[in-house]
1. Mind checking which residues of the range 123-154 are aliphatic (A, V, I, L, M), under 15 Å from Leu221 (Cβ atoms) and in contact (Cβ under 8 Å) with a residue 24 or more places away in the chain?
2. Just for the range 51-91: of the residues that are among the small types (Gly, Ala, Ser) and loosely packed, with under 15 Cβ neighbours inside 10 Å, which one is modelled with the lowest pLDDT?
3. Among the numbered criteria (1) closer than 13 Å to Asn168 by Cα; (2) of a type in the set (Gly, Ala, Ser); (3) at pLDDT 85 or above, which one does Ser145 miss?
4. Kindly state which strands (runs of 3 or more DSSP E) lie completely within the range 161-262 and contain at least 3 residues that are touching a Lys or Arg at 6+ places or on another chain (Cβ under 9 Å).
5. Does Lys180 satisfy being within 30 Å of Ser11 (Cα to Cα), among the charged types (D, E, K, R) and open to solvent by 20 Å² or more (accessible area, probe 1.4 Å)?
6. Checking Thr101 against (1) in contact (Cβ under 8 Å) with a residue 24 or more places away in the chain; (2) surrounded by 13 or more Cβ atoms within 10 Å (Cβ to Cβ); (3) β-branched (Val, Ile, Thr), which test does it fail?
7. What about Val310, is it surrounded by fewer than 19 Cβ atoms within 10 Å (Cβ to Cβ), of a type in the set (A, V, I, L, M) and at pLDDT below 95?
8. For residues in the range 313-337 being closer than 20 Å to Gly254 by Cβ and open to solvent by less than 70 Å² (accessible area, probe 1.4 Å), which is modelled with the lowest pLDDT?
Amino acid sequence: MAFAPMGPDASFFEVLDQHRAFLLADLRRGGEESLRGGTRPASRFEDSVGLQMVSHRTTRKIKSDSPKSVQNFALVLKILSMIYKLVQSNTYATKRDIYYTDSQLFGNQTVVDNIINDISCLLKVPRRSLHILSTSKGLIAGNLSYIEEDGTRVNCTGCSTAVAVPSNIQGLRNLITDAKFLLIVEKDATFQRLLDDNFCSKMSPCIMVTGKGVPDLNTRLLVKKLWDLFHIPVFALVDADPHGIEIMCIYKYGSMSMSFEAHNLTVPAIRWLGLLPSDIKRLNIPKNTLIPLTKRDQMKLDSILKRPYVTCQPFWRKEMEIMADSKMKAEIQALTFISSDYLSKVYLPNKLKFGGWI
């Protein structure tokens, strides 16, 4: 099955095709080779994988005879028993399902989430191997079709609406796409606006994904799966603020809390497409649309600048320094002050055609 081209002519994608050739050459040199080892949360950085576990890690002990640990130990055993039943019966449950089996006992969802992560680290297996799935919040649209584990055929080509990211990414099969690129969109509002502007049709063939802010596990797994299968360029469209940069870093390099599974989640090939802090001045975005950095923003930005992977991204560092010097941030929506459809008709097409990513 192939998709009929609807977007620009082949010359439009010339720079994108060159970028993909560069990525494939990097793969052949072993630039994306997965590494193994370690447990969470102690991590090291590998530019080919992201935040990785370390072999000499810190550990946390839970004692069955300690008054302070006895309740947590009991909760771990309870969830282990539930996992055993799920694996034995070959059924699946979400973290939310587990919490609601005894919400009073667990107290809150975070307790369940942390214990499941600890068990996954302890056994050194992905969470889905425990037959525990995360609830998906992400959306996908564009040039992609696949078959879900239960045999349902899904076609994401319709651009007026999006398809929910499946809850079992591992079970997807027969994935088909002709996409030239994958665009990760930080916010749902921007994603929906691009859908309304028929961006997927105008830039066809392409795929768009949003995690609606900080991405859930399934959205990250889907982006990783698409990269592993098709090796198409992956770009991030986020706000020009520390929070947007943080979200982009989660997709690209991972997070401390999930560093034990980085090789299954991270896509170091991701490039920052926009909104770049340097774009604010270059495009003469009105100053009254900019927002001053809060103290919390400044702390977040300082934290990101100190991370080891920033040393591998001098252009990213320069953009963040521009933000730090100006003490201002901007949302993607600031582009609408130039024109209502500037993002979909001018900004993104020019970035993609002329290689405006870093």
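1. Across the range 123-154, the qualifying residues are Leu130, Ile132, Leu133, Leu139, Ile140, Leu144.
2. Residue satisfying both the conditions and the ranking: Ser55.
3. Of the numbered conditions (1) closer than 13 Å to Asn168 by Cα; (2) of a type in the set (Gly, Ala, Ser); (3) at pLDDT 85 or above, the odd one out for Ser145 is (1).
4. 234-237
5. Here the answer is yes, as Lys180 does meet what is asked.
6. (1)
7. Taking the combined requirement at face value, the residue satisfies it.
8. So, considering only residues that are closer than 20 Å to Gly254 by Cβ and open to solvent by less than 70 Å² (accessible area, probe 1.4 Å), the one modelled with the lowest pLDDT is Gln313.
The values are calculated or read from the model by the stated rules, or taken from the named source; none is laboratory data. Bear in mind the structure is a predicted one, so any value in this text is a computation, not a measurement. Don't worry about glycine lacking a Cβ; one is built from the backbone with ideal geometry, like all the others, and counts go over all protein chains shown. Side chains are part of the model used for accessible areas, which takes the heavy atoms of the whole protein and leaves out ligands, DNA and RNA. Shrake-Rupley method; radii C 1.70, N 1.55, O 1.52, S 1.80 Å.
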